[in-house]
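Structure first, then comments.
Any read-out appearing in this document is the output of simple, stated calculations on the displayed coordinates, not a laboratory observation. The structure presented is a predicted model; accordingly, all values stated were derived computationally and were not measured. Because the Cβ atoms are built from the backbone with ideal geometry, glycine has one as well, and the counts that use them run over all protein chains shown.
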Amino acid sequence: MSKFIVKGLSSDRSRKVFVCAGNLLELIETLKRKLQLPEGDYQVYQAKDGTIIDDEEVFQMLAQEARDAKGTLEVMMLTEYSAWTDASLDISPYSPNQSISRSSSELSSRDGTESMGGSITSSNETDSIDSPAARRRPTFDMSDVCAYLDDALEKLNSEHPPRNMLAVIKRAVREACHSIGRHMLRKLRDYRKETARALAKTVIDFDGGRYAKLFQVMIGNSVSDPGYKSFTQCIYAYVNNNKGPENTGRRRNRSSSSTNEDNEEFEDEFGLLPPPASKQDLYGCVAYDVPLPFGETSSTQEEKRLKIIELANPKSPEAETLMTSTCASQRIDINRGKPLKNHLPTIIRSWPLLLEKNHFIRHAQTLIGKDVEAVFTNNVSKHWKTIFDFIHQFSNAESMKVTVPSKVEAILSLIDNAMRQSISNRSIESKCVAIFPMIALYLDEKLDKLFTVLPVSITCYHAIMSS
């Protein structure tokens, strides 16, 4: 198989390398090593237009086409959390394109002349700023977060980092998250996750990844996660928690058939109140508040609930049928039981089979409309290496420091001495005598204040006088 020379670029275009590769897998591994990229799942994109290259035959044809044209194929390595950006549309305060254009304009105005090149530069700059793609691109002033992150980075890189270094990093990341969130709320008025992801990437990749160490998730000495996803989620959560009810998106219409005689009551016999409307249906569940099955009433549902409580075998087919047919009533009680930390015991007393694994999983599958076991298995299979590395690192005996209290060490030493003396003297007296210093240790008393060791040959008179 012939090999091709390919030009690889980092996500911020600050680093460029030439590599020789014959297939996509070899290209990805070589670029990860040469560009010193953190561990993760990467995909190859064309640098000029952001087209993904995920097919071996396509890569071979593109590389051959570039070779025939006496050029090289330019690619960019991006993770699933990164987005391709066009360098010509970068209008952020730190964009090299903008600084060059500004310098050209300043130079031409300083000379008092408007050259043709200056006119073209100004026109291109105006077009790029006014273009829809440029307007969609979020901008952010890094000076708002540099103060927090620089302070944390300086302490992290110092010869003797503080003992609370983790707390310092968390505080800096939290302040950066709040600054970006306020920027999205007040200036951009943009509450989308895509915007949060783009701004998170801007901060982490700023100045060639200056602050990347503060966001990385480390397992041992290796980078487990570059931190894009967690930082994005942090910003997105802050924006959603602070955007206010007037900016909240329209929720789906609630089913009119879900209003039954139980919902019309102010409080039911278990003391569970209906949840406020603003707190319902927040998670996109497909069966958050389902209506009762056709032909069912609250009375028939209550009869089935009592049957469930009386069942002898919770795993019987009858139990599965009853739990499936009463799912709507279970949802009503769970929705009324907010917050769950206060009302969970009441709900479990009403529906004890929800403590059974198979019934709970079936209820969850009905609620979200997905096979939860398959979703869990899928997610674990994607991140098994990270999970394995984490468990291996923290279960390694060399990395676990076991400290034994001094009192326990003293007791173990006493027992050990008593056992050895008992074996050497062929007598149990040593074992019996060992109980006295152990009592002193248990009572936190000094041994010499409670007991005095006397020779066997001493008389009673001398024993009394010596004490």
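Data table
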item	result
Ranked by how many other beta carbons lie within 10 Å on average, peptides 311-323, 231-243 from highest	231-243, 311-323
Reach of LYS7 by Cα under 25 Å, taken over lysines that are not fewer than 8 positions away in the same chain	LYS16, LYS32, LYS34, LYS48, LYS70, LYS201
Potential extension, CYS285-ASP141 segment - 0.36 nm per residue separation minus Cα distance	48.1 nm
FRET efficiency, LYS170 to ILE411 (Cβ-Cβ, R0 56 Å, nearest 0.05)	0.90
Reciprocal of mean inverse Cα separation for the range 21-74 (Kirkwood radius, Å)	11.9
Net length gained if the chain between GLU39 and LYS307 were fully extended (0.36 nm per residue, minus Cα distance)	91.1 nm
Convex hull projection area averaged over all views, the range 159-214, Cα basis, nm²	4.6
Ordering of 195-207, 150-162, 286-298 by packing [mean C-beta count within 10 Å, highest first]	195-207, 286-298, 150-162
Extended-chain gain in nm, criterion 0.36 nm per residue less alpha-carbon gap, ARG192 and GLU296	33.3 nm
